[in-house]
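Down below is the structure, laid out as structure tokens.
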Amino acid sequence: MTLEQEGRNGEIRSSEVYVKRIPEMTGEALSEAYATMDEFGRFKILLRFTKEGGKRFAEVTRTIAEEGKRAGRLGQLAIVLDGKLYSAPTVHEEIPSGSAEITGQFSQRERLSSRMC
């Protein structure tokens with residue numbers, strides 16, 4: 001799939017990301033997701049999972065992190081909504097807490113998209 005990211009000057013950069021055809025999880029695993037700001041005024045996306053969704057997310061992130069380490073690189077988690085790739089954050093380790101946050105340099109377009117999801 002193609003991941004489009006808006007640069008600091010508003011230019012659109014595209015990159016190709018390999019995404020599994022059958023998703024490991026769906027939105028049914030989420031209890032809520034929203035954009036908020038951190039202590040430095042930067043946006044981040046917060047995800048909270050259902051009880052079963054949290055267990056599944058821990059399994060998925062553990063697998064991504066382990067496969068990435070074996071390959072000598074960081075694994076990525078594709079976030080796809082209605083057939084469009086919105087984000088592909090890197091996964092450093094298993095995330096077992098039942099919640100997660102996505103941080104980084106979000107464009108205005110990405111912040112608006114996350115509010116609509």
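The values are calculated or read from the model by the stated rules, or taken from the named source; none is laboratory data. Values in this document were obtained by computation on a predicted structure and should not be read as measured data. No Cβ is skipped: glycine too gets one built from the backbone with ideal geometry, and neighbour counts run over all protein chains shown. Keep in mind that these areas ignore ligands, DNA and RNA; they rest on the heavy atoms of the full protein, side chains included. Shrake-Rupley method; radii C 1.70, N 1.55, O 1.52, S 1.80 Å.
Scanning the range 57-66 for residues being open to solvent by 50 Å² or more (accessible area, probe 1.4 Å) and either within 12 Å of the chain's Cα centre (by Cα) or of a type in the set (K, R) (or both) gives a total of 1.
Of all residue pairs spaced 6 or more apart or on separate chains, those with beta-carbon atoms under 6 Å, a first member in the range 84-101 that is on the phi > 0 side of the Ramachandran plot and touching a residue at least 24 places away in the same chain (Cβ under 8 Å) and a second member that is assigned to a strand (DSSP E or B) and of a type outside the set (D, E, K, R) are G98/F49. From the list T61, T90, T36, T26, the lone residue that is at pLDDT 95 or above and either β-branched (V, I, T) or touching a strand residue (DSSP E or B) at 6+ places or on another chain (Cβ under 8 Å) (or both) is T61.
Of everything in the range 27-38 that is in contact with a helix residue (DSSP H, G or I) (Cβ under 9 Å, 6 or more places away or on another chain) and assigned to a strand (DSSP E or B), the residue that is farthest from Y86 (Cα to Cα) is S31.
Of these, G41, G54, which one is open to solvent by 30 Å² or more (accessible area, probe 1.4 Å) and either part of a helix (DSSP H, G or I) or more than 18 Å from P89 (Cα to Cα) (or both)? Spell out the reasoning first.
Working: G54 fails: open to solvent by 30 Å² or more (accessible area, probe 1.4 Å).
None of the others qualify; the one that does is G41.
Residues in the range 67-102 that are touching a helix residue (DSSP H, G or I) at 6+ places or on another chain (Cβ under 8 Å) and open to solvent by 80 Å² or more (accessible area, probe 1.4 Å): L74, Q76, H92, E93, P96, S97. Every test in (1) touching a Phe, Trp or Tyr at 6+ places or on another chain (Cβ under 9 Å); (2) at positive phi is passed by G72 save one, and that test is (1).
Of all residues in the range 35-57, those that are without any contact (Cβ under 8 Å) to a residue 12 or more places away in the chain have Cβ atoms under 8 Å from Cβ atoms of residues that are open to solvent by 30 Å² or more (accessible area, probe 1.4 Å), 6 or more apart or on another chain, in T36/F43; T36/K44; M37/F43; M37/K44.
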